[in-house]
1. State whether the residues of the stretch 23-42 include one that is among the charged types (D, E, K, R), in contact with a Leu (Cβ under 6 Å, 6 or more places away or on another chain) and either buried (at least 24 other Cβ atoms within 10 Å of the Cβ) or part of a helix (DSSP H, G or I) (or both).
2. Tell me, which residue of the stretch 348-367 that is over 16 Å from the mean Cα position of the chain (by Cα) and part of a helix (DSSP H, G or I) is surrounded by the fewest Cβ atoms within 10 Å (Cβ to Cβ)?
3. Would you check if F63 is surrounded by 22 or more Cβ atoms within 10 Å (Cβ to Cβ), closer than 30 Å to R258 by Cα and touching a Gly at 6+ places or on another chain (Cβ under 6 Å)?
4. Output the number of residues of the stretch 379-409 satisfying the condition of being under 23 Å from A297 (Cβ atoms) and without any contact (Cβ under 8 Å) to a residue 60 or more places away in the chain.
5. State whether one or more residues within the stretch 170-177 are more than 23 Å from the chain's Cα centre (by Cα) and not hydrophobic (A, V, I, L, M, F, W, C).
6. Given the conditions (1) at pLDDT 80 or above; (2) crowded, with 16+ Cβ neighbours inside 10 Å, and given that S154 satisfies all but one, which numbered condition is not satisfied?
7. G160 is checked against (1) surrounded by 21 or more Cβ atoms within 10 Å (Cβ to Cβ); (2) modelled with pLDDT of 80 or more; (3) farther than 28 Å from A415 by Cβ and fails just one. What number does that condition carry?
8. Mind listing whichever residues of the stretch 389-417 are in a helix (DSSP H, G or I) and either touching a Pro at 6+ places or on another chain (Cβ under 6 Å) or under 17 Å from R232 (Cβ atoms) (or both)?
Amino acid sequence: MPRLWPRGGLWRHGDFLKLWSAETISVFGSQLGGFALPLVAIITLDVSAFQVSALFVVEFAPFLLISLPAGVWVDRLPRRPILILGDVGRAAALATVPLAYAFDVLTIWQLYGVGFFVGICTVFFDVAYQSYLPSLVDRTQLVEGNSRLEVSRSASQLAGPALAGLLVDLMRAPLVIALDAVSFLVSAAFLGRIRKREEGIPTRAQRKEAGASMRTELGEGLRWVLGNRYLRTIALSTATFNLFGSMMFAILGVYLIRGLGMSPALMGLIFAISQAGYLIGALTANRISAWVGVGPAIVLGALCGVAQLLVPLAPQDARASVPYLIASGLIVSFGVVLYNITQLSLRQAITPERLQGRMNSVIRFIVWGVMPVGQLTGGAIATQFDLRTAIWVGAIGTAIAWVPVLVGPVRSLRAVPEGPAEEAVRLAETEGEALMPGPFPQPEEP
């Protein structure tokens, strides 16, 4: 009799399957909302390119403003309730958009407010989410777990834009956002069913006895990331890619719709086809890293960013540009997933459990918190010069983002460590001595 359900690995891990289900539903809904929200500004409200880029700035501003303290709170508190509250908060905020649209009172300022609040919830959710997996599964299962979670994200990025573009054409962008709100509620319901108790969460009395404060705990997290040569090299490379990539992304929708004359449906279809690379990367990342080694896999993933140059090289015609846009998306999306799965598993494996939240928040602060700068710069360049010039600047920057991981120590790493290195633990636990060796390289990041 054929097996109806795989038996190996995490397929029999009930709590992981609930986390996976929650993530799958949430990311599919987020693809709808993430595609539709800027279209509300572009089509429904007909605002300028700079105002559209400002919307992205507002959405990512919380990563700059609260990522660091969020990491401290995630290490202090149970992470599952943070995940649930993050989902419920985002659902409530997004639901106000179709409601305001129904009463004809929707403004760009409301979109800014919704984007900012959703960003706050996302900061806490993402830091807790990446910190929760190591407490839910064994460290030897981290690559497998991250790969399965990335499969869902990749599948959503493959099917989501095409579906979102079609739905926007059929039912208008504000109503599509309502579907995203519902997905967050369903995700919260799955998270609420996880039963495994988290271990190692310090009590208030324990923190007081240890003399822990927001400042000291935050400093410990900063020293851990900036003092670890693998973590700071990864942060620099990722931040460089995100800086210039956000310049492109902030005005890409405006460029395709107004510059090339594309319809939302065609734009969504191009994104869907081009992002098949996400799914391919998620399905092959484990094998590639085992074949060539962890470090070379990270370098290979980052090197794929060179394909962003195909976007400004594409002909200035909607139909003629399609092959260029699809090829760029396929290569870059494959590289992003290969890079993300491998470097995230490495980060989780070399970081002690009690520092997972702060490690993730510091990395997020560096690589996401700088994105508003890139988005605002992209809008400013597009306004001062033109849309294509902004696309060119972003493409050139992302094309060189692989250099830090190539010249740094990451490239020589062959396997993900099974646990935190002794030297790494000592570095994290030694007060006053855990200082980074030399100045942290300042990336030109978003």
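1. For the stretch 23-42, residues among the charged types (D, E, K, R), in contact with a Leu (Cβ under 6 Å, 6 or more places away or on another chain) and either buried (at least 24 other Cβ atoms within 10 Å of the Cβ) or part of a helix (DSSP H, G or I) (or both): present.
2. Going through the qualifying residues, I end up with R354.
3. yes
4. Result for the stretch 379-409: 1.
5. yes
6. Result: S154 fails condition (1) only.
7. (2)
8. The answer is I391, W392, A395, V403, P404, V405, L406, V407, P409, V410, R411, S412.
The values are calculated or read from the model by the stated rules, or taken from the named source; none is laboratory data. Since this is a predicted model, take the numbers as computed values, not measurements. Positions of Cβ are backbone-derived with ideal geometry, glycine not excepted, and every protein chain shown enters the neighbour counts.
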